[in-house]
Structure formats: structure tokens, C-alpha cells
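Worksheet: one structure, shown below.
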Amino acid sequence: MTDVSSASASAGQAAPGPAMAEMPILELRNLEKRYGPVQALKKANLAFRRGEVHAIVGENGAGKSTLIKLLTGVIRRTGGDIIWNGTPADLASPNEAIALGINAVHQEVVLCRHLTVAANIFLGNETLQFGLLKQREMTRAAQKILDDLGFHLPADVILGSLTIGQQQLVATARASLRGTKFIIFDEPTAYLTRQEAAQLFALIRRLKSEGVTIVYISHRMEEVFDLADRVSVLRDGTHVGTRNIAETNDTELVAMMINRSLEQIYHKEQIPFGETLIEARGLCGKGFNDVSLSVRRGEIVGLYGLIGAGRSEFVMSLFGRNPKTAGEIVWKGKPVNVRSERHAIDMGIALAPESRRDQGLNLNLPIGLNLNLPVYDGISRLGIVDAGDERRRADRQIKDLGIKTPSRRSLASSMSGGNQQKIVIGKWLNHGADLFIFDEPTVGVDVGTKAEIYRLFAALLKKGAGIILISSYLPEVYELADTLHVFREGHLVGSQGYRERSHEDVLAEAIGV
């Protein structure tokens with residue numbers, strides 16, 4: 001078993017000589033990757049120093065995923081060189097990358113959900129006696145590892161019973177214990193609570209102090225400026241520049257990434273409000289209690305709070321997934337009992353759920369089929385689908401939403417996070433609705449795609465729809481919501497109009513200070 005300290009000691013080698021200290025641990029020289037005529041990465045020249053946090057930022061499709069796959073041996077480069085500790089490296093397979101000390105923690109957890117946390121941590125490095133697993137010993141060792149890392153997780157439970165964020169921490173623990181000298185984090189906080197993110201950041205700083213090189217890929221600029229020493233920008237497969245974090249700002253980085261300003265990203269149109277679509281009166285249910293609020297046509301109602309505060313549970317009751325236990329729902333002026341999700345959809349309510357991969361998409365089905373899922377009843381006659389109507393509807397959403405795909409027949413699993421989110425949204429646009437509920441709609445998507453999603457919100461509002469926007473990213477709900485409600489521990493603890501109070505006040509309400 002390899003622990004963090006021993007792995008880091010081998011990475012840092014206390015008091016290296018001047019030449020060793022200056023030599024990059026990893027250097028890319030004219031690194032490129034082609035898929036036929038498509039050039040996914042164009043002659044990148046990058047150097048990563050020992051013991052630094054080096055952020056990589058860029059839009060979806062900028063080349064970040066390609067870079068990760070090249071560095072972890074998942075794909076082979078088309079040209080250029082990779083220099084590891086001054087020596088050319090092939091990186092022909094994931095095993096070769098791991099043997100060198102290169103590991104990655106991916107945005108989507110790729111561990112075994114049916115095994116225990118301990119089994120996942122030691123997967124491929126199990127403790128055996130006479131060919132049998134020493135499960136108790138592995139569980140004790142895994143628990144000590146988690147405790148030492150500051151991750152407050154049980155080692156003996158099934159991984160699938162944990163939240164997505166907790167599973168991400170388990171993946172981080174596993175990656176940091178494999179002789180790691182160079183570790184890549186791909187959108188690591190997308191599903192983490194504030195407390196879990198703080199635990200992760202503490203580990204990153206600890207690894208850095210022990211000489212481990214961290215590559216940190218994130219769309220969240222505040223994390224980049226909090227953690228990174230340097231930041232490199234990719235755009236359209238090209239490395240457009242590297243900056244010392246102390247010598248740049250988010251305005252410059254956004255301009256390098258997308259050639260648009262922050263003001264353009266959070267562009268908000270003033271749209272007149274119409275009739276009240278839905279009203280919750282003292283609504284109670286699993287995970288929330290005594291919530292009263294309303295949504296009008298043309299209005300974005302923001303729900304902010306820490307993960308687990310009751311926001312998602314509340315909208316699940318509005319959508320009929322979980323029954324209410326008390327209170328009243330009023331739809332277009334009439335009390336209703338939302339019996340099921342099908343009932344909510346028929347009423348005119350659409351939900352884009354928090355986890356697009358687990359709840360919003362059928363990943364192994366084509367994009368076109370995903371886009372048409374809610375409308376097959378309407379485009380079928382006697383059980384036979386109108387193929388022409390099916391094709392036209394899918395193609396229209398692909399065009400209108402700018403879904404980047406060679407064909408409607410491509411699998412949803414092959415799409416980037418931003419494009420997957422567009423598919424989730426597109427299927428409800430196909431169906432049509434009066435009230436759209438977006439739960440964490442921009443998790444793991446780049447700033448350019450965020451701007452596209454925000455413009456889509458404006459288009460829906462102009463057509464007379466209302467929107468409930470749930471987000472753990474305060475700038476998002478603060479800049480976009482006409483009315484902002486703050487949840488804490490299942491209760492509504494504050495409400496205000498557009499920008500009536502400061503970021504600090506809203507955050508204080510959510511935390512309870």
C-alpha cells in the first residue's frame with residue numbers, strides 16, 4: 001500500500017539541486033492530435049513545474065479533454081514530444097502514465113459503484129492472503145487514509161450509496177495514493193458541497209507543498225485564482241497563452257478564451273412579467289418545510305443555498321416526483337394535486353435535473369432520440385413514429401441550440417458536458433412548456449456555453465414561460481434571477497428582488513451566520 005506522504009516524497013525529493021528545480025517535470029513540445037482531417041490539439045507547447053498548481057481553462061471543445069487523454073495515455077499523439085523529467089516519454093497506455101506517477105480525477109466518477117469505498121480505493125492493488133481478500137484490513141487502512149486526507153467518509157459503505165460529490169472525493173483519495181507525482185483534476189468541484197470543496201482544496205495545497213504537480217481544469221474562475229500559480233488558456237485546440245496568476249485577471253482570461261466580456265456573458269434583458277403560473281403555499285415534503293413562493297410569466301425565480309438545503313427536493317415536489325405532505329400548489333389560479341411526473345409534464349412543467357448523465361439523458365441512445373423522448377406520443381400514429389417529423393424536430397433543436405455533433409445519430413455519451421446539457425434542454429423545448437425548472441444547468445460547462453444557455457432563458461421568457469433556476473454558483477443566480485430565494489436546512493430563510501442585497505448578505509443567509 002502506498003500512502004500520500006511516501007508518494008509525495010518520491011515526487012518532491014527534498015532539496016533538489018538548482019538544475020533539477022528549474023527543469024519542468026513535464027514538458028509538451030509541439031504536441032498535436034488529429035482525428036482524420038480534424039485537428040483536436042494544434043502544436044501545443046507547455047511546461048509544468050514541480051510543486052505548482054497549473055490551471056487550464058477554455059471552452060468546451062477547446063482541447064482540454066484531448067490534452068487529459070494524451071497525458072494519461074488514453075490516446076496516442078499524432079505529433080510532437082512529451083518530455084518527462086528531461087527524458088522523452090511515449091505515454092502509450094494508462095498503465096505507463098500511472099507507472100510514471102501521472103494520475104487524473106475526472107469530472108464524471110469512473111469507479112465501481114457496486115463495491116465498497118475501501119474496495120475502490122485499493123482496486124487493482126488489493127491486499128490478499130492465500131488468494132482471498134483481507135477485507136477488514138483493507139477497510140481499516142482505507143478509513144485511515146480518508147481520515148488522514150481530511151475526507152469525512154466511511155470506508156465500509158457501498159460507493160453507490162454516497163452522493164456524487166462524495167464519490168468524487170473517493171476518486172481523489174484513490175488517485176493521490178498511487179505514487180502520484182503529477183495529478184490532473186478535471187472540474188473536481190462540480191458536484192461538491194462547500195465543505196467538501198474545502199476538504200479538496202486543503203488536500204491540493206498539501207500535495208503541492210510536498211512537491212506534487214497539480215493540473216487544475218475548471219470553469220470556475222474564483223477557484224483558479226484561489227488555487228493556481230499559473231494558468232494556461234486553450235481555444236479551438238490552440239494554446240493561446242500562459243499567465244502568472246498574480247499578473248492576470250478574469251477579464252483578460254475570458255477575453256483569451258472566447259473574445260467576449262463578462263458583461264456579455266451575464267447579459268440580462270428586462271422582460272415584463274405576466275400572470276402567475278405557479279404558487280406554493282406553505283408547501284412541505286421530504287427535505288423541505290413550509291415553503292411559499294410564486295413564479296410569473298417572464299420571470300426567473302432563483303433558488304440558492306448549499307447542496308442539501310432543500311432546493312432540489314422542493315422542485316421535485318412541484319414536478320410530481322415526490323409527494324407533498326402539506327400545503328398547497330396553485331397552477332394558473334387553480335389548486336392542483338400534482339400526482340406524478342407525467343401529470344406535471346401534461347400540465348406544462350418541464351424539469352432539467354441536476355445530474356444530466358444520471359437523470360436527464362439516455363447516454364447510450366442517439367442524440368435525436370433523446371431530443372424527441374417527451375414527444376413520441378405526439379409524433380406517432382397507431383404506434384408508428386412519423387420519421388420525417390422525428391428528423392425535423394431533432395435537426396431543428398440541434399441547429400437552434402448549436403449542439404456540436406456530426407449527426408443526430410451520434411450517441412449522447414460522445415458529447416461534451418455542455419452539449420449534453422443542451423440536449424437535456426432541447427428535449428423540453430421540443431415538448432413545449434409554460435414553466436421550466438433548471439437545476440444546476442451550467443455545472444461543468446464553459447463560459448461560452450453558459451452565455452448560450454442564458455440567452456436561451458431570455459428567449460423562453462419572451463415567449464411567456466417562467467423559469468425556476470437552482471444554482472450553487474452565487475454569481476449566476478445573483479445576476480440572472482428577478483426574485484431570489486435562499487434555502488437553508490430545508491427552510492426558506494430569505495427572499496429579495498434583483499440585486500437588492502449584496503453577495504455577502506445572500507451567502508451569510510445560506511450559511512446561517
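The values are calculated or read from the model by the stated rules, or taken from the named source; none is laboratory data. Not measured: the values here are computed from a predicted model. Ideal geometry is used to build each Cβ from the backbone, glycine not excepted, and the neighbour counts take in all protein chains shown. Protein only, heavy atoms only, side chains kept; ligands, DNA and RNA dropped before computing areas. Shrake-Rupley method; radii C 1.70, N 1.55, O 1.52, S 1.80 Å.
Quick one: how many residues across the stretch 72-97 are outside any loop (DSSP other than H, G, I, E, B) and open to solvent by less than 50 Å² (accessible area, probe 1.4 Å)?
Looking only at that region, the number is 7.
Considering only residues that are of a type outside the set (Phe, Trp, Tyr), farther than 19 Å from Thr449 by Cβ and surrounded by fewer than 17 Cβ atoms within 10 Å (Cβ to Cβ), which ones fall in the stretch 221-248?
Here is the first cut: in the stretch 221-248, the ones of a type outside the set (Phe, Trp, Tyr) are 221-224, 226-248.
Then drop every residue that is not farther than 19 Å from Thr449 by Cβ, which leaves 226-232, 239, 241-248.
Result: Asp226, Asp229, Gly241, Thr242, Asn244, Ala246, Glu247.
Restricting to the stretch 391-438, and then to whatever is crowded, with 22+ Cβ neighbours inside 10 Å and charged (D, E, K, R), can you tell me which residue is nearest to Arg297 (Cα to Cα)?
By that ranking, first place goes to Lys427.
Does the stretch 105-127 include one or more residues that are open to solvent by less than 40 Å² (accessible area, probe 1.4 Å) and touching a Cys at 6+ places or on another chain (Cβ under 9 Å)?
Yes, that holds for at least one residue.
Name the pairs whose Cβ atoms lie under 6 Å apart, with the first residue in the stretch 85-96 and closer than 15 Å to Lys69 by Cβ, the second part of a helix (DSSP H, G or I) and open to solvent by less than 60 Å² (accessible area, probe 1.4 Å), and 6 or more positions between them or separate chains?
Going by the 6 Å Cβ cut-off, the qualifying pairs are Leu91/Ala97.
Quick one: how many residues across the stretch 207-220 are open to solvent by 20 Å² or more (accessible area, probe 1.4 Å) and either free of Cβ contacts under 8 Å to residues at least 40 places away in the same chain or of a type in the set (Ser, Thr, Tyr) (or both)?
Narrowing the stretch 207-220 to residues open to solvent by 20 Å² or more (accessible area, probe 1.4 Å): 208-210, 220.
Checking the rest, the ones that are also either free of Cβ contacts under 8 Å to residues at least 40 places away in the same chain or of a type in the set (Ser, Thr, Tyr) (or both) come to 209.
So the count comes out to 1.
Which one of these is hydrophobic (A, V, I, L, M, F, W, C) and in contact (Cβ under 8 Å) with a residue 24 or more places away in the chain: Ile384, Ile403?
Of the residues listed, the single one that is hydrophobic (A, V, I, L, M, F, W, C) and in contact (Cβ under 8 Å) with a residue 24 or more places away in the chain is Ile403.
Taking the criterion of being small (Gly, Ala, Ser), part of a helix (DSSP H, G or I) and at pLDDT 90 or above, would at least one residue in the stretch 214-235 satisfy it?
The answer is no; no qualifying residue exists.
Pairs needed: first member in the stretch 173-186, farther than 15 Å from Ala141 by Cα; second member anywhere, open to solvent by less than 10 Å² (accessible area, probe 1.4 Å) and aromatic (Phe, Trp, Tyr); C-beta distance under 8 Å; at least 6 residues apart or different chains.
Going by the 8 Å Cβ cut-off, the qualifying pairs are Phe182/Phe48; Phe185/Tyr216.
Out of the residues in the stretch 315-348 that are of a type in the set (A, V, I, L, M, F, W, C) and in a loop (DSSP other than H, G, I, E, B), which is surrounded by the fewest Cβ atoms within 10 Å (Cβ to Cβ)?
Step one: of the stretch 315-348, the residues of a type in the set (A, V, I, L, M, F, W, C) are 315-316, 318-319, 326, 329-331, 336, 338, 344-345, 347.
When the remaining residues are screened for being in a loop (DSSP other than H, G, I, E, B), the result is 319, 338.
Numbers: Phe319: 23, Val338: 20.
Checked the stretch 315-348; the qualifying residue surrounded by the fewest Cβ atoms within 10 Å (Cβ to Cβ) is Val338.
Hey, does the stretch 497-511 have a residue that's hydroxyl-bearing (Ser, Thr, Tyr), closer than 23 Å to Ala280 by Cβ, touching a strand residue (DSSP E or B) at 6+ places or on another chain (Cβ under 7 Å) and open to solvent by 40 Å² or more (accessible area, probe 1.4 Å)?
No: the stretch 497-511 contains no residue that is hydroxyl-bearing (Ser, Thr, Tyr), closer than 23 Å to Ala280 by Cβ, touching a strand residue (DSSP E or B) at 6+ places or on another chain (Cβ under 7 Å) and open to solvent by 40 Å² or more (accessible area, probe 1.4 Å).
Restricting the search to the stretch 168-202, which residues are assigned to a helix (DSSP H, G or I) and within 17 Å of Leu227 (Cα to Cα)?
Of everything in the stretch 168-202, those that are assigned to a helix (DSSP H, G or I) and within 17 Å of Leu227 (Cα to Cα) turn out to be Thr172, Arg194, Gln195, Glu196, Ala197, Ala198, Gln199, Leu200, Phe201, Ala202.
Based on this model, can you work out whether Met221 counts as within 20 Å of the chain's Cα centre (by Cα) and over 18 Å from Ala104 (Cβ atoms)?
Values: within 20 Å of the chain's Cα centre (by Cα): yes; over 18 Å from Ala104 (Cβ atoms): yes.
In short, yes.
So Asp389 fits all but one of (1) part of a helix (DSSP H, G or I); (2) in contact with a helix residue (DSSP H, G or I) (Cβ under 6 Å, 6 or more places away or on another chain); what number is the exception?
Going through the list (1) part of a helix (DSSP H, G or I); (2) in contact with a helix residue (DSSP H, G or I) (Cβ under 6 Å, 6 or more places away or on another chain), Asp389 breaks only (2).
May I ask you to list the residues in the stretch 346-369 that are at pLDDT below 80 and small (Gly, Ala, Ser)? Full working, then the answer.
If we filter the stretch 346-369 for residues that are at pLDDT below 80, which is where we start, we get 353-364.
Across the stretch 346-369, the qualifying residues are Ser355, Gly360.
In the list Val486, Val477, Val493, which residue meets the criterion of being surrounded by fewer than 16 Cβ atoms within 10 Å (Cβ to Cβ) and either at pLDDT 85 or above or among the β-branched types (Val, Ile, Thr) (or both)?
Details: Val486 fails: surrounded by fewer than 16 Cβ atoms within 10 Å (Cβ to Cβ); Val477 fails: surrounded by fewer than 16 Cβ atoms within 10 Å (Cβ to Cβ).
Result: Val493 is the single residue among Val486, Val477, Val493 that is surrounded by fewer than 16 Cβ atoms within 10 Å (Cβ to Cβ) and either at pLDDT 85 or above or among the β-branched types (Val, Ile, Thr) (or both).
Hey, could you check the stretch 295-314 for residues that are out of contact with any Lys or Arg (no Cβ under 9 Å at 6 or more places or on another chain) and outside any loop (DSSP other than H, G, I, E, B) and say which is surrounded by the fewest Cβ atoms within 10 Å (Cβ to Cβ)?
Arg296
For Gly310, are the conditions met, namely being among the small types (Gly, Ala, Ser) and more than 14 Å from Lys427 (Cα to Cα)? Break it down stepwise before answering.
Values: among the small types (Gly, Ala, Ser): yes; more than 14 Å from Lys427 (Cα to Cα): yes.
Yes; evaluated as a whole, the condition is true for this residue.
Checking the structure you have, find out if any residue of the stretch 124-131 is more than 30 Å from Leu67 (Cα to Cα), among the acidic types (Asp, Glu) and at pLDDT 85 or above. Step through it out loud before you land on a result.
Of the stretch 124-131, the ones more than 30 Å from Leu67 (Cα to Cα) are 126-131.
Checking the rest, the ones that are also among the acidic types (Asp, Glu) come to 126.
Still in the running and at pLDDT 85 or above: none.
No, every residue in the stretch 124-131 fails to be more than 30 Å from Leu67 (Cα to Cα), among the acidic types (Asp, Glu) and at pLDDT 85 or above.
Does Leu31 qualify as being open to solvent by less than 80 Å² (accessible area, probe 1.4 Å), in a strand (DSSP E or B), within 28 Å of Glu223 (Cβ to Cβ) and modelled with pLDDT of 80 or more? Reasoning before the result, please.
Values: open to solvent by less than 80 Å² (accessible area, probe 1.4 Å): yes; in a strand (DSSP E or B): yes; within 28 Å of Glu223 (Cβ to Cβ): yes; modelled with pLDDT of 80 or more: yes.
It is true that Leu31 is open to solvent by less than 80 Å² (accessible area, probe 1.4 Å), in a strand (DSSP E or B), within 28 Å of Glu223 (Cβ to Cβ) and modelled with pLDDT of 80 or more.
Those residues that are farther than 17 Å from Gly63 by Cα and aliphatic (A, V, I, L, M), I need them from the stretch 404-423; list them, please.
The answer is Leu411, Ala412, Ile423.
Go over the candidates Glu341, Glu275, Glu328 one by one and state the one that is out of contact with any helix residue (DSSP H, G or I) (no Cβ under 6 Å at 6 or more places or on another chain) and within 26 Å of Thr442 (Cα to Cα). Steps first, answer last, please.
Details: Glu275 fails: within 26 Å of Thr442 (Cα to Cα); Glu328 fails: within 26 Å of Thr442 (Cα to Cα).
Residue meeting the stated conditions: Glu341.
Going residue by residue through the stretch 333-344, is there one that turns out to be touching a residue at least 60 places away in the same chain (Cβ under 8 Å) and out of contact with any Phe, Trp or Tyr (no Cβ under 6 Å at 6 or more places or on another chain)? Please lay out each step first, then the result.
To start, the set of residues in the stretch 333-344 that are touching a residue at least 60 places away in the same chain (Cβ under 8 Å) comprises none.
Taking every residue of the stretch 333-344 in turn, none turns out to be touching a residue at least 60 places away in the same chain (Cβ under 8 Å) and out of contact with any Phe, Trp or Tyr (no Cβ under 6 Å at 6 or more places or on another chain).
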